[in-house]
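In what follows, a single structure is set out as structure tokens and then discussed.
The values are calculated or read from the model by the stated rules, or taken from the named source; none is laboratory data. Worth saying up front: this structure is predicted, and the values here are computed from it rather than measured. Here Cβ is always computed from backbone atoms with ideal geometry, including for glycine, and neighbour counts include all displayed protein chains.
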Amino acid sequence: MKALLRPAISLFVLLSVVTGLLYPMLVTGVARIAFPDAAAGSLIIRDGKPIGSALIGQDFSDPKYFWGRPSATAPQPYNAAASSGSNQGPLNPALADAVKARVAALHAADPGNRRPVPIDLVTASASGLDPHISPAAADYQVERVARVRHLEVTTVRQLLAENTEGREFGVFGEARVHVLKLNLALDAHAR
């Protein structure tokens, strides 16, 4: 029995060191060299401080900001440690109630806007963390943001156009607007 136990423990220790320490250190080192921004969390830095990640949405509810997709994470919105979808199907009454409440919040923030509400402003993404909205969802909010910030609508539309990303490699996906970057551009314009 002793003859079998010593090699087994030695192999366990060796594999633990290789797979638990050396391999992760190697992968992290290569990532830091090859993809330094992504390896550090794709952080957005403002005035030398990280204010968010380009990969995770932020909770904006002030009418002077563009609002992103609702988050399905709990207990707090956009909690990356709790990434998940709501798993509510289209026939689920809880989803219908949540959508109604979100539409009501959008109408309360902008009572004069009676255009149809874009679906991505009232439904969560699969991860519950999506940092992007569609150009239509951003356009829906332009007049509210301009009015609250006392800006010309054309100025806000120009900032929106500057912060609209095209399709990935010009082919994949759809155009999208990164909400945090657009709101930072609005704050920078106000300075």
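Yes or no, residue by residue, for (1) on the phi > 0 side of the Ramachandran plot; (2) hydroxyl-bearing (Ser, Thr, Tyr); (3) modelled with pLDDT of 90 or more:
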| position | (1), (2), (3) |
| --- | --- |
| Ser125 | no, yes, no |
| Pro135 | no, no, yes |
| Tyr140 | no, yes, yes |
| Glu143 | no, no, yes |
| Leu151 | no, no, yes |
| Arg157 | no, no, yes |
| Asn163 | no, no, yes |
| Gly166 | no, no, no |
| Phe169 | yes, no, no |
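Kindly indicate whether Arg102 is among the charged types (D, E, K, R) and in contact with a Pro (Cβ under 8 Å, 6 or more places away or on another chain). It would help to see each step written out before you state the result.
On the way: among the charged types (D, E, K, R): yes; in contact with a Pro (Cβ under 8 Å, 6 or more places away or on another chain): yes.
Spelling it out, Arg102 is indeed among the charged types (D, E, K, R) and in contact with a Pro (Cβ under 8 Å, 6 or more places away or on another chain).
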Is one or more of the residues making up the stretch 54-69 assigned by TED's automatic domain parsing to the domain that holds Thr123, loosely packed, with under 14 Cβ neighbours inside 10 Å and among the hydroxyl-bearing types (Ser, Thr, Tyr)? yes
Is it the case that some residue within the stretch 12-28 is in contact with a helix residue (DSSP H, G or I) (Cβ under 8 Å, 6 or more places away or on another chain), surrounded by 11 or more Cβ atoms within 10 Å (Cβ to Cβ) and in contact (Cβ under 8 Å) with a residue 40 or more places away in the chain? no
Exactly one of these conditions fails for Gln76: (1) surrounded by 11 or more Cβ atoms within 10 Å (Cβ to Cβ); (2) under 16 Å from the mean Cα position of the chain (by Cα). Give me its number. (1)
Output yes when any residue across the stretch 30-51 is part of a helix (DSSP H, G or I), loosely packed, with under 11 Cβ neighbours inside 10 Å, modelled with pLDDT of 85 or more and out of contact with any Lys or Arg (no Cβ under 9 Å at 6 or more places or on another chain), and no when none is. yes
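Surrounded by fewer than 18 Cβ atoms within 10 Å (Cβ to Cβ), within 25 Å of Ser42 (Cα to Cα) and among the small types (Gly, Ala, Ser), is that true of Ala101? Before you say what the answer is, go through the steps one by one.
Values: surrounded by fewer than 18 Cβ atoms within 10 Å (Cβ to Cβ): yes; within 25 Å of Ser42 (Cα to Cα): no; among the small types (Gly, Ala, Ser): yes.
Judged against the criteria, Ala101 is not a match.
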One residue is enough: does the stretch 84-94 have a residue meeting the conditions surrounded by 15 or more Cβ atoms within 10 Å (Cβ to Cβ), within 12 Å of Val179 (Cα to Cα) and polar (S, T, N, Q)? no
